[in-house]
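The values are calculated or read from the model by the stated rules, or taken from the named source; none is laboratory data. Worth saying up front: this structure is predicted, and the values here are computed from it rather than measured. Glycine also receives a Cβ, built like all others from the backbone with ideal geometry; neighbour counts cover every protein chain displayed. In case anyone asks, the SASA skips ligands and DNA or RNA and just uses the protein heavy atoms, side chains included. Shrake-Rupley method; radii C 1.70, N 1.55, O 1.52, S 1.80 Å.
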Amino acid sequence: MTAQAEPLAGDAPPAAAARLSLGGQMGYGVGQIAGQIFRDIPSLLLLFFLTNVVGMDVALAGAAIFLPKLVFGVGSDFAAGMLSDRFKARMPRRYWLLIGAVLAPVALNLLFRVPEDGNALRVAWVVMTFSLYMMVFATFSVPYLAIAGELASNERQRTVLMAWRLVFTAVGVLTAGAVAPALVEHFGGGMGGYRQMAMVLSVIASGSLLLAFFGIGHRAYGARGGPALPPLKLGAMGGLFAKRRFASLFAANFLQLTGSGMGYATMLYFLTYQSGRADALQVIGIIIVCACVGIIAAQPMWVWVAGRFGKPAAFIAGSVIYSLSYMVWLALADQPIEVAYLLAFTAAIGNSGWTVIGFSMLADIAADDSEHSGLYSAAWIAADKIAFALGGTLLTGLVLSAFGFDAARAVAGLPQSESAVLGVGLAFGLIPPLLTLTGAAIIGIWGRRYPPVG
């Protein structure tokens with residue numbers, strides 16, 4: 001699989017543009033390991049850590065995580081998008097990855113060093129450190145996504161490039177979802193286990209950004225030699241949503257990410273209380289491995305489906321597969337763990353479908369309006385962070401709290417009430433599919449405007 005890089009202002013003419021090699025595609029994709037670690041660790045482990053290890057109230061903990069994402073996440077994402085657009089002629093976007101490589105270990109390690117005394121101090125610590133975490137995340141995640149539009153020159157090539165990104169997404173999911181819990185257990189659990197885990201993952205995240213920096217090299221065009229763009233106005237951000245093509249895709253993606261975040265964040269709760277497994281931290285590692293196999297195995301299929309039937313059809317198909325998998329999982333919660341492994345595999349096939357096609361559609365839109373490609377990426381990354389946090393922390397915390405989840409009983413290892421267990425099931429296996437199918441319906445209505453590509 002190869003992709004043709006498209007030159008922008010100040011670069012070689014199209015005839016001189018070098019083809020992006022397989023190594024270049026992989027060089028770009030490897031950076032997603034860091035992005036996935038920063039995305040998944042708060043959703044999968046942080047809320048569980050704050051409630052079941054630190055002992056914070058679940059609704060309070062969810063709000064303490066969500067508010068920084070809402071305020072600093074959005075602001076930082078759009079600032080990074082605007083700045084990377086504004087200065088891309090002088091500083092290639094890939095240099096933002098170096099900034100992330102330096103700051104990522106600081107942000108990730110501070111996150112799990114919550115003070116042990118004083119509830120107010122704990123909340124303040126989570127809010128402040130997670131605000132820093134969001135700012136650091138933005139410095140590399142937004143420019144990284146925008147680079148994709150500079151590496152591929154047509155719709156099919158962008159799908160292929162995003163498929164490679166999803167392959168390394170699987171590696172990141174495996175690292176955050178399987179390796180991280182195993183490290184917590186290896187280092188003895190509790191506060192110390194989580195802190196040691198954060199140290200190891202910070203090295204992996206930083207290393208992946210460095211590999212992406214060198215792997216991309218000078219292949220992304222529009223980096224040097226061109227004139228500086230005129231100053232971007234704040235109104236440009238709102239202008240993105242006036243474009244129906246982007247607004248529809250954004251709305252669908254936001255709903256689906258909200259549901260996905262909710263299902264991901266409640267997985268440990270689901271395994272512990274719905275499935276009655278005391279070894280949730282061990283089996284979730286195998287579940288994540290099964291999901292990663294599904295993500296990687298499905299990529300050639302989704303590239304073919306998008307080319308044969310069109311990107312909207314592929315998006316909808318992935319959404320349906322994902323939703324059905326979670327609903328069946330809820331119905332079969334008390335079945336042998338092998339059933340969970342199988343359903344995690346099928347859910348990942350569906351999830352990877354609507355994810356890779358959504359990214360590919362975004363790259364197509366940004367390529368048609370390259371002057372604002374950084375802003376498109378900023379809006380998309382902001383949606384990812386906010387929606388995943390909305391579902392994975394705030395809504396999860398509110399639902400579990402409303403159904404009577406007791407953090408004190410969780411810390412003590414005591415069972416939850418029947419109502420609390422019901423709330424866990426709804427937050428895992430019913431609300432996420434409903435949100436995902438709603439997003440698919442939006443694409444179904446808008447999809448006729450997006451024909452198949454060969």
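Given the criteria more than 16 Å from ILE443 (Cα to Cα), within 17 Å of the chain's Cα centre (by Cα) and open to solvent by 20 Å² or more (accessible area, probe 1.4 Å), does ILE349 qualify? Considered against the rule, which asks whether it is more than 16 Å from ILE443 (Cα to Cα), within 17 Å of the chain's Cα centre (by Cα) and open to solvent by 20 Å² or more (accessible area, probe 1.4 Å), ILE349 comes out as yes. For the range 49-60, the set of residues classified as surrounded by fewer than 23 Cβ atoms within 10 Å (Cβ to Cβ), within 15 Å of THR396 (Cα to Cα) and either in contact with a Phe, Trp or Tyr (Cβ under 8 Å, 6 or more places away or on another chain) or acidic (Asp, Glu) (or both) consists of ASP57 only. Taken over the range 299-311, residues that are open to solvent by less than 40 Å² (accessible area, probe 1.4 Å) and modelled with pLDDT of 90 or more amount to 2. Residues in the range 274-288 that are at negative phi and open to solvent by 40 Å² or more (accessible area, probe 1.4 Å): GLN274, ARG277, ALA278, ASP279, GLN282, ILE286.
Restricting to the range 61-89, name every residue that is small (Gly, Ala, Ser), open to solvent by less than 40 Å² (accessible area, probe 1.4 Å), in a helix (DSSP H, G or I) and over 19 Å from LEU394 (Cβ atoms). Selection gives ALA80, GLY81, SER84.
Taking the criterion of being farther than 19 Å from THR436 by Cβ and charged (D, E, K, R), the residues of the range 294-339 that qualify are ARG308, ASP334, GLU338.
Only residues that are surrounded by fewer than 16 Cβ atoms within 10 Å (Cβ to Cβ) and at pLDDT below 90 were counted in the range 193-224, giving 4. Reported count of residues in the range 352-379, each being of a type in the set (Phe, Trp, Tyr) and open to solvent by less than 10 Å² (accessible area, probe 1.4 Å), is 2. When ARG277 is tested against (1) closer than 30 Å to ARG409 by Cα; (2) among the charged types (D, E, K, R); (3) in a helix (DSSP H, G or I), just one condition goes unmet, and that condition is (3). Answer yes if at least one residue in the range 176-189 is more than 25 Å from PHE49 (Cα to Cα), under 22 Å from the mean Cα position of the chain (by Cα), at pLDDT below 90 and open to solvent by 10 Å² or more (accessible area, probe 1.4 Å), and no otherwise. No.
Please state which one of VAL106, VAL171, VAL142, VAL102 is in contact (Cβ under 8 Å) with a residue 24 or more places away in the chain, within 16 Å of the chain's Cα centre (by Cα) and surrounded by fewer than 24 Cβ atoms within 10 Å (Cβ to Cβ). Break it down stepwise before answering.
Numbers: VAL106 fails: within 16 Å of the chain's Cα centre (by Cα); VAL142 fails: surrounded by fewer than 24 Cβ atoms within 10 Å (Cβ to Cβ); VAL102 fails: within 16 Å of the chain's Cα centre (by Cα).
It is VAL171.
Go over the candidates ALA291, ALA333 one by one and state the one that is in contact (Cβ under 8 Å) with a residue 12 or more places away in the chain, part of a helix (DSSP H, G or I) and open to solvent by less than 20 Å² (accessible area, probe 1.4 Å). Being in contact (Cβ under 8 Å) with a residue 12 or more places away in the chain, part of a helix (DSSP H, G or I) and open to solvent by less than 20 Å² (accessible area, probe 1.4 Å) holds for just one of ALA291, ALA333, which is ALA291.
Taking the conditions exactly as written (within 20 Å of the chain's Cα centre (by Cα), of a type in the set (Ser, Thr, Tyr), open to solvent by less than 20 Å² (accessible area, probe 1.4 Å) and over 14 Å from TYR264 (Cβ atoms)), does SER319 satisfy them or not? In short, yes.
Of the helices (runs of 4 or more DSSP H) contained entirely in the range 380-434, those carrying at least 1 residues that are open to solvent by less than 20 Å² (accessible area, probe 1.4 Å) and not small (Gly, Ala, Ser) fall at 396-402, 418-429.
Considering ALA427, ALA410, ALA402, which residue is over 22 Å from the mean Cα position of the chain (by Cα) and within 25 Å of ILE41 (Cβ to Cβ)? Full working, then the answer.
On the way: ALA427 fails: over 22 Å from the mean Cα position of the chain (by Cα); ALA402 fails: within 25 Å of ILE41 (Cβ to Cβ).
Among ALA427, ALA410, ALA402, only ALA410 is over 22 Å from the mean Cα position of the chain (by Cα) and within 25 Å of ILE41 (Cβ to Cβ).
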